[in-house]
Every structure is written in C-alpha cells, then in structure tokens.
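Written below as structure tokens is the structure these notes are about.
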2 protein chains.
Amino acid sequence: MPDYRAPLTDMAFVNKELLGLDHYQQLNGCESLSEDLWDAILDGGAKFAENVLAPLNRAGDEEGCGFENGQVSTPSGFAEALRQYGDAGWQTLSIPEAEGGQGLPGSMSTLLTEMTAAANYAWSMYPGLAHAPITCIRAGGTEEQKATYLPKLFSLEWAGTMCLTESHCGSDVGLLRTKATPHGDGSYSISGTKIFISGGEQDMTENIIHAVLARVEGAPEGTSGISLFLVPKVMVNDDGSLGERNTVHCGSIEKKMGIKGSATCVMNFDNAKGFLLGEENRGLEVMFKIMNTARLGTALQGVCLGEASFQGALAYARERLQMRSLTGAQNPDGPADPIVVHPDVRRMLMTQKALVEGSRAFIYWLARLNDLTQHGNEEQIAEADDLLSLLTPIAKAFCTETGVEVTNIGVQVFGGHGYIREHGMEQLLRDMRIATIYEGTTGIQSLDLLGRKVMGSGGKLLRGFTKRIHKFCEAHNDNNAMTEFIEPLAAVNAQWGEITMKVGEKAVENADEIGAASVDYTLFGGYVALAYMWAQMAEISLAKEGDFYAAKVATARFYFQRILPRAEAHARAAVAGADSIMDLDESLLML
Amino acid sequence: MPDYRAPLTDMAFVNKELLGLDHYQQLNGCESLSEDLWDAILDGGAKFAENVLAPLNRAGDEEGCGFENGQVSTPSGFAEALRQYGDAGWQTLSIPEAEGGQGLPGSMSTLLTEMTAAANYAWSMYPGLAHAPITCIRAGGTEEQKATYLPKLFSLEWAGTMCLTESHCGSDVGLLRTKATPHGDGSYSISGTKIFISGGEQDMTENIIHAVLARVEGAPEGTSGISLFLVPKVMVNDDGSLGERNTVHCGSIEKKMGIKGSATCVMNFDNAKGFLLGEENRGLEVMFKIMNTARLGTALQGVCLGEASFQGALAYARERLQMRSLTGAQNPDGPADPIVVHPDVRRMLMTQKALVEGSRAFIYWLARLNDLTQHGNEEQIAEADDLLSLLTPIAKAFCTETGVEVTNIGVQVFGGHGYIREHGMEQLLRDMRIATIYEGTTGIQSLDLLGRKVMGSGGKLLRGFTKRIHKFCEAHNDNNAMTEFIEPLAAVNAQWGEITMKVGEKAVENADEIGAASVDYTLFGGYVALAYMWAQMAEISLAKEGDFYAAKVATARFYFQRILPRAEAHARAAVAGADSIMDLDESLLML
C-alpha cells in the first residue's frame, strides 16, 4: 500500500490562503476556531489517519467482512480504531457544543474526513453512516428521541445506517415497498427488505440505529407517501439500558468489487419495532438533508482515493528504474532512469495532481458554503444555498468520475505491479469505483443539475455562478501574468451559457433532450468549475515566492493546457441533441 | 454473469460485407476457405464459447487459482475445456496444413478468439500463451525441435509460456539479467527469476514449454545481447516420452485485480536446461514476431470484454424498471419504465455499441492485413506491413483504453448491482483492466507510434493511411447521404497531418516533445481510425434495407456526433507541448 501522508501543506494552502480562515469568524457559534485550533485538529486527524487507519487498509481489503449465522465480522482492528475515534470525540466535531459536540463548522469535518477516508475508505464508512441517524434525529426527532439515541451515537458506542434501497428500487425511491403499520402509540411495525445497507450489521458497537424509509399503510403512492423511522437493532429501555433484540436481521452480505472492509448488508425487517421521525409521509424531506451532505462526502471520495493514488504513483515513479530519458541519461550511474523522467509518466502524475488538488479546492469551497447555510446571515444563506444547489450535483458527478480516472492512472503508472494486489493501487481503484453510483449515480446528478437546477430555475442558478466567474475574470483582465488563465476561463464560462441556451431550446420540443445532454453538460460544468478554482490558486501563487507556489502555478498551467481542452469535447456532445441517441429503437440495439 | 451470445450477425457483416470473403481467395494456401466453411467455423466456435467456456467464467473468478507446495491448481472445469479445445483442433486453426494444422489464415483465429475470450478471458490465456512457443519454434526452431515440441503443443497436450519480465525489468527489456551458460552441445543452463508468467505452472497439461529470454554469458549489454531459449518443464526423451523434471519451478502466484482464473506465476530457473532458439543475441527478433500478434490479440480484449459488457448492460436495461420516461410512460401497466428508455442510459449503451463494433471492424481489418503479410504477393505484403506498423500500436492502445471505458460503463448501467460480484459486470472491468498494461503499456505503444513509426518514417507511414482515408472521402464527395460522415472524417484526417507537423517541429528542439504528445496523439489516431471504419460501415448500410443496416447507420451517426468530438480534446492536448508537463521539477510534485 502506498504510505499515506495527509497533504497538510495543500490543505492549509486551500483553507488559509485560497478561502481564508476569517471565514470562521463570520459563522455564528464557531468564532472560537482559531488558527492554532485549526492546526491542532488537522495535526491530530492526520496522525490518527496515518498511524491508526492506514495500516489497517490493505489487510481490511484482504480479510474483508465475514457472515455467519446472521453475525457480521469486520476486519481485524476496525473495531478498536472506531472506539479510539469515538473516544477522541472526532464523531462530534461539527455537533453544536450545546448538544454535546465540539461546536465546529461542518467544513472541519470535511477536512477530517478527507484524511481518514483517504487512509482507509472502507473503515470510514462506519462512522460516516453513523451520522445518518444523527442527522435524522437532530432534524426531526423529539426531545425524548434525542436524549435516548444521540449521546450513544455521538460516542460511537452505537452506530447507525440509512436504509433506503430495496432490490427493485434504487434511483427510483418512489417505488419502495417496505411497510409501516402504526401501533397507535407512535411506534410502528416495520416489514420489508432493504439491500445495500452499509454497516447494517457489524461486530463493533453494541447497538445499531437504522434510519428506515417505509410506507405507512394507506399512504399515497410514489414519493409523497414515504415516512422515516428509527429502528434500533436492540430496543432501548426507559432507563437507557439495552433491552430486547428487535426483529431486524442481516440476511446476507454482498461480495463486492471493493470497499470490502465495509459490510454491505441485506436487512430483513420482520415486524420490527420502529419510531416515526417527524411527520408521516414527509420522510424524504429529512432524507434529502442527509443526501446533500452525503453527495459532497462522496465527491470527496475522489479527492481521498485520488490523493492516496497520486502519492503511491509518485513514490513508485521516483524509484522504479526503466529506460533512459530521451533527452539523455538522468541517472547515469544507475542501470536506467527513474520513470518519473519520462514525459508520459509525468503527464499521468500531473493529471492526478491537477484533478485532485483542483477537486479539493472545489469541495472545500462548497463545504464552506455549507457552513454559511447553517451559521451565516440571511443574505449569506440565500447565496450559499443557490450556489450549492447548482454545484453539489456537479461536484458529486465530476469529482467521482475523475476520481475513477485518477485511481486508474495510479494503476497504470505502476504497470503490471499496479494490477497485482500487493501494492494496493488496484484496491484504490476498486474502492473508488462505487462512488459514481451510490448517493445518486452520475446520470441522476446530471438530471438534477440540468433539469431541476438549471432549467428549473430558468437559468438563474447558473447565472449566479457564471457571473461570479465573469467578475473574477474582469477583475484580472489587466494582469498580464494571469492572461493564460483568464482568457480560456472566460471563454468556457461564456460557452456554458451558450450551451445552456441551445439545450434549453431543444428541450422545449422534446423532454428527452435534457437527459441526452445531461452528463456531458455536467462534466463540462465540472471542468469550468475546476478552471475557476485553478485560476484563483494561480492568482494567489503568482504573487508569492517559493517552491510550493511555483508548483501551484505550474499545475494550473497544466490544467489549462492539457485538461481543460476536454471541455470542448463535452460541449460538442452536449449540444449534439437527442436524435443520435434515441432514433435507434431499443429493440434494434442488438441483432 | 451476462449470458454471452457470440455476435455472429455483426461478425458476418464485417467479414462478408465490409471486408469481403474474396479476401481469402487471394491468400496463397488459404483458397479452400469457402463461405460454408467460414460459417461452420464461426458456428462451432460460438457453440464452444457459449456452452463450454461461458459457464465457467464467474466460477473461475470466484475460485481463482491455488498454489501449494509448488503446484498450481486452476479453476474447476478449465482443464476439461482445454482438452476439448485441443481435441477439436481449434489450437491449430491457422497452422499450415503441411505442418499438421487446418491451414486457415490468422484472421480466422482472431474470430475464434473473439468468441472464446469474450466468454472466458482468464481461460483463453492458457491456449493463447501456448502459441508463444509454437510461434518461436516455427520461426526459429530446428527440424528436431519442431518434431519434438510442435505436435504436442498443437494438440494442447502441452502448453507454453513466454518468459520475458523480471522484477526490475518490464517495459525496459534490455535490463534483463537471467543468465544462460552454454554446455557446448546446443543446450544451456538457464538461471534467473521471471515474474508475471501467465500459465507458468498449472495442472492442465503434462508438460509446459517455456520460451525464455536470457543473456548468454559475455553477451553485450542491453537489447542486443538477448537470446531466446526453450525450457521444458519436463525434459523430453529422444523417443518423445517424458523424462526428468527440469529445474524450473513456480515460486508463487500473484493475487491480482482480475483474470483470476489465469495463473500468473513467479518462475525460478535454477540451472534449468534450455535450448537455444535461432541464433545467440538475436532473441528479440523472434520475440517481436510474437509481440505484434500479441498486441493485436490484446487490442481484441477490448472488443471481447466490451461485447460481453454491452450484452449484459443491454439485457439489464431492458428488464430493470426505474422511473418514467420524461416523454411519458412507456410501460404504463408496470410500476415504472425499463431504464433503456432513459436517454442517458441509451447514451451509455450506444457508446458501448459504437466503440465495440467500431473496434471490431478495425481489428478484423488489421487481422486481414496480417493475413496478407503471410500469404499475399510482394506488393500486398509491403502495403500491409506499412499499415500494420502504423496501426498496430494504435489498435493496442486505443481498443484497450476504450475497452476499459466500455466495461466501466457496463458497471454503471447496472448501478449498485454492477458493483457487487453476483452479476459479473465488475469482473469484466477487472479482467479488462490489465490490457492497457501488458504487451506494452499505452505509453509504450504511443512512443512506438509517434516516435518510431510516424517520426521515424518521416511521416511516410502516416501518409499511407491518411491518403487512403482521403481517397475514400473523395470517392464519396458527391454522395449527399454520406456528407454527415465524410465531412468530419475528412476534417480529422487533415487535422492529423497538421498535428503531426506541429509536434514534429517541436520535437526537433526537444526530444521530450514526443513523449509529451504521444498518448493524446495515439488516441486521436484511434478516433480517426474508428471514424474511417464507421464511415465505411455507414456507406454499405445506407445502400441496404432492413433493421440491421438501419442500426448500423444510426450507430455510425452516434459515433460521429457523440464520440468523435473527443478527438478535438486530444488534438489540443497533443499540440500543447512538453513545457506544462516537464517545467515543474519532479522534486516539487509533492510538497
């Protein structure tokens, strides 16, 4: 496995220089976040990720999860690491102090998660999913529910899940069939089978609190008849002690391509006792609160595993000796040159670096906007909400698709040694691959972006972002050093509007035009968003001296010269229309 | 696992209508290949692939290979399938009748291999590698060596390997250290360790003939001091019976991302007895004969696994019900519409189809050119050699990279069900992933193309191909129905020359410009080559009636509108120059 080292220098650059720590001073209730505290949190998180989690990652993939007689076993060391994580209070970093947490904004959790999830993605799913019932209960729970469940979930003595998917119902949540029968006392009998439940069963915590979507008997069909329930694995007595085992059981676990240390469970609810969270038939509203955070967290997966892959590939490229540089031997005393001297290897590494660092800046910015929606003033909330509505699906789709590319490159740099399991490079690709699927596929994100957000707002949400970019370009028009970045950024930014007009005109005639354009449209937007981030990072770095800033400028230049041209291909495909996709009757796809 | 069905309709279209069966009549020694025989071979191969090999594929991945006490066990059923394959004479389809084979041209083996390898890639590695010693012995062996080894290799009573890679020496074959000490009687003692040896040990055949690259004591350093040896696992007595066990042993097998049913072995040669093939120090010449065929065979892997993935994805898209078409319910009596109605799902399926069928046509054409180099007249040989020199590295790089894309799409169409192992979609991606690495990475192919072939010939080899495309475009200039294909084809064809000029000019100043441009240049070439194939297929299909031809035209249109635009992104990146890649000192890549 590559030896993961938290990229603290870059994390500090983005937070302190690009986005600024003064952000925290404007957040109601988070003013105590000083630079010293920031440094201490990052340092502590890095140590935990590097020293506790990273060493469990390869072994966790090899060992995987076991299933016998309804019991799930997790890989060696996972439980102890979870205990340490809970004991250290990491799980409540962004829970308000009044509720018993550290009172830090959510963006600090994003930084922590980048490190823990990069070190061991499969492990990070357990504390990640334990946030699902926390968020649901905080959003819709009664005081009694909060008192009963939150303290144990905060300490990670208990974990949790989000039970949504059923075998016939994935993207189309309206089809779900799990039934809830009211007992008349606020409790319900929940019956049905959920699949793909991460952490549905495990051997690490004494209880598991399932957040379950189900349909109350007689509720409307479709998405307007879905309610949210809490279903504990073990019932909780009035005095807080554990009572009877509830009738929710793990039927089996999936064999998967990756994240093998994370137990993916089939969960059978057989008249399990559940408690309504919030109001009947309004379960999806609460769920969507989780989904937005989860989408950003999944976008971050691309940065996490991309960074790990980049670190591994770079280390290997520096030590692996094969062939001579075409410009003359660089390592004349050795039998060959390190492959990092070869331009195509360098191109692969620069691609990883440009995509990972660009995505990191993008996601951190969105996490900051998310802070504003929770702790900002009215105007800040409105602006942040609009930007997040537009940019969250772009981040989820783009950063996961490029995350697959980046981890794929990591395998390629290692050559045959990347394909065997020993070095862990192929694990990163396997662990990454799920991210374009769960929390809404790339296709679903793209429909959300183009259909609901862009067209649904009559272009208003898009203009909110492109105007921002336009202003940035205007502000640096006279800066000759920035011309190489500003000109192409301004061009793709303007092109974004043109593409939107063209697709919009077609869509008036034919609703399928939205779906036909959507993924290319979204990836186009992703390349523009990263160009905006890279232009900003270049601007800051051009004004400073030193190796780090020189590297930033060089990477920005690489992004604009070698990566951004892809936007043109997506632009052309996005405006090509639905005909070439839909004209062929599906019955003729294979003859 | 998707239920593999050999795509006989498309295979027949490409062979009979696009390329024409009259091809075979012009090949010296292959005139007996009638259409009836062609049909019978395809039918027999399809039955074997569908009924014998496909059912072993998922289980082979789950079971994998075992290793204990130096013995390798292969998955259940693999040995029996290999015996059937050998008994049926499939291994000698393209061996001349005079040598005991079926006397058919190599392109017929390509068709057979597409089917067997699509049905079970891991299994297909065993007969595939057994061709390595066959080719070496036929090219450089003595009559005695031929008599001793070929009959048993033909019948697959014995299998074989190609032993090239060592742990410190992959792409850079000149670094190899395995030593050969002459005994003075034509035999040598071979000592060294080879890695990544497919089929190095197995439990299916009574002997294994290793073709081994080694360095005779005192030979020059680098690639000019490498010789080729035959090293049998079990020595063969003068009467053909098996004698002593040779001192070549499997030290371990690799745990890999995919092709788990294929044993990838570390092979230790401890003064193993070996026999020189051909002349000392000229081993690479023979090896390169294998490599060219192997490169085309690896390109084909993209078609094989891409086809299997497409078939699986299409079947799933037709039965999986999620959400309603945006243009109104298509399956009003069901709870939702099949996802094949959604434009983005259709876009994914069309992308698979366009890339697989385009690559199939491209590779079949190259296989035909390969026939001409072996059975054609002088003029045909010269032209075919030139085209193959240029197009083989493009096919290897492009068809494997797009093969990874296509199998990746197959996972995506299945959503979460694609990520779990049960349906076999993720296996296809894992099995595919090695193909951009072995037989020369995408980077190595691209250096070969741009450096050795294009620049090395002063552009002559490229012009041989672009002139051909130009003539095709000229010939259809007046055909209005073809304008949508001819105009963009002519444009990218002309652009190819321009890109080459630009890169060539830069390369005069800086040799790194070749490496910096090479992969984007090669992928650009791949998109042009497929555009040429699709334009030809459209031309044939426009003139005919019926569903199959309508589907061909629609897929050609999709290729030109939605896939070919990618060429522009690669063109821009290819001419962007080496500076943005190389300016950043490698020591600054991570700070």
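No value in this document is a laboratory result; all are computed from the given coordinates. The model shown is predicted, which means the values in this text are computed figures rather than measured ones. Here the Cβ positions follow ideal geometry from the backbone for every residue, glycine too, while neighbour counts run over all protein chains shown.
Which FRET efficiency value, to the nearest 0.05, is calculated for A:Ala382 and B:Asn479 with the Förster distance at 60 angstrom and r the Cβ-Cβ distance?
Using R0 = 60 Å, I get an efficiency of 0.55.
FRET efficiency for A:Lys467 and B:Arg245, Cβ-Cβ distance as r, R0 = 56 Å, nearest 0.05?
Step by step, r from the Cβ atoms, then E = 0.15.
Could you sort out which of A:Lys16/A:Lys47; B:Lys146/B:Lys453; A:Lys396/A:Lys460; A:Lys396/A:Lys467; B:Lys152/B:Lys273 sit more than 24 Å apart by Cα distance in this structure?
B:Lys146/B:Lys453
Say a paramagnetic label sat at a point 7 Å from the Cα of A:Glu217, along Cα to Cβ; which residues of the range A:167-189 have their backbone N under 11 Å from it?
A:180-184, A:189
Note the per residue figure in Å³ for the convex hull of the C-alpha positions in the range B:441-583.
Per residue, the Cα convex hull of the range B:441-583 comes to 100 Å³.
Calculate the translational D of the protein assembly as shown in whole µm² s⁻¹ from Stokes-Einstein, where the hydrodynamic radius comes from the Kirkwood formula applied to all Cα pairs, the temperature is 20 °C and the viscosity 1.002 mPa s.
Reported coefficient: 69 µm²/s.
To test your reading of the geometry: what angle, between 0 and 90 degrees and rounded to tens, separates the Cα axis of helix A:460-475 from the longest principal axis of chain A?
30 degrees
Taking each residue of B:252-259 in turn, how many C-beta atoms of other protein chains fall within 10 Å of its C-beta, and what is the average?
Mean number of neighbouring Cβ atoms from other chains: 4.
Using 0.36 nm per residue, how much length does the chain from A:Glu422 to A:Asp87 gain when fully extended, once their Cα-Cα distance is taken away?
That pair, A:Glu422 and A:Asp87, stretches by 117.3 nm at full extension.
What FRET efficiency comes out for the pair B:Phe288/A:Thr327, r = Cβ-Cβ distance, R0 = 22 Å, nearest 0.05?
0.25
Select from B:Leu589, B:Ser541, B:Gly577 the residue farthest towards the positive end of the dipole of the range B:511-591; place +1 on Cβ of Lys and Arg, -1 on Cβ of Asp and Glu, and compute about the Cα centre.
The Cα lying farthest towards the positive end belongs to B:Ser541.
Taking the Cα centre as origin and putting +1 on Lys and Arg beta-carbons and -1 on Asp and Glu beta-carbons, what dipole magnitude results for the protein assembly as shown, to the nearest 20 debye?
Roughly 440 debye for the protein assembly as shown.
Can you list the residues, at least 5 places off or on another chain, whose amide H is less than 5 Å from the amide H of A:Val234, using H built in the peptide plane?
Excluding prolines and chain starts, which carry no amide H, the hits are A:Ile208, A:Asn246.
Hey, what D do you get for the range A:410-470 in µm²/s if you plug the Kirkwood alpha-carbon radius into Stokes-Einstein at 10 °C and 1.306 mPa s?
110 µm²/s
Considering only B:Phe560, A:Thr392, A:Gly174, whose Cα is most displaced toward the positive end of the charge dipole of the protein assembly as shown, charges sitting on Cβ of Lys, Arg (+1) and Asp, Glu (-1)?
It is B:Phe560.
Along the Cα→Cβ direction, 7 angstrom out, place labels at A:Asp203 and B:Lys544. What is the inter-label distance in nm?
6.1 nm
Per residue of A:517-525, what is the mean number of Cβ atoms on other protein chains within 10 angstrom of that residue's Cβ?
2
What distance in nm separates the two pseudo spin-label positions at B:Arg452 and A:Asp39, each 7 Å out from Cα along the beta-carbon direction?
Placing both labels 7 Å beyond Cα along the Cβ direction yields 5.5 nm.
Shielding by partners for B:564-577, please: the mean number of other protein chain Cβ atoms within 10 Å of each residue's Cβ.
Shielding by partners across B:564-577 averages 5.
Students often get this wrong: which residues of the range B:333-373 have the backbone nitrogen under 20 Å from the point 7 angstrom along Cα-to-C-beta of B:Thr9?
Within reach of a label on B:Thr9, which here means backbone N under 20 Å from a point 7 Å along Cα→Cβ, the range B:333-373 contributes B:340-341, B:346-362.
Per residue of chain B, what 222 nm ellipticity follows from adding -39500 (n - 2.57) for every DSSP H run with n ≥ 4, rounded to the nearest 500?
It comes out at -17500 deg cm²/dmol, rounded to the nearest 500.
What are the principal axis extents of the Cα atoms in the range B:238-292, in Å, biggest first?
Principal axes ranked by extent give 38, 33, 22 Å for the Cα atoms.
Size of the dipole of the range A:450-582 about the Cα centre, Lys and Arg at +1 and Asp and Glu at -1 on the beta carbon, nothing else charged, in debye to 20?
360 debye
Along the principal axes of its C-alpha atoms, what lengths does chain A span, in descending order and rounded to whole Å?
Principal-axis extents of chain A (Cα, largest first): 76, 63, 62 Å.
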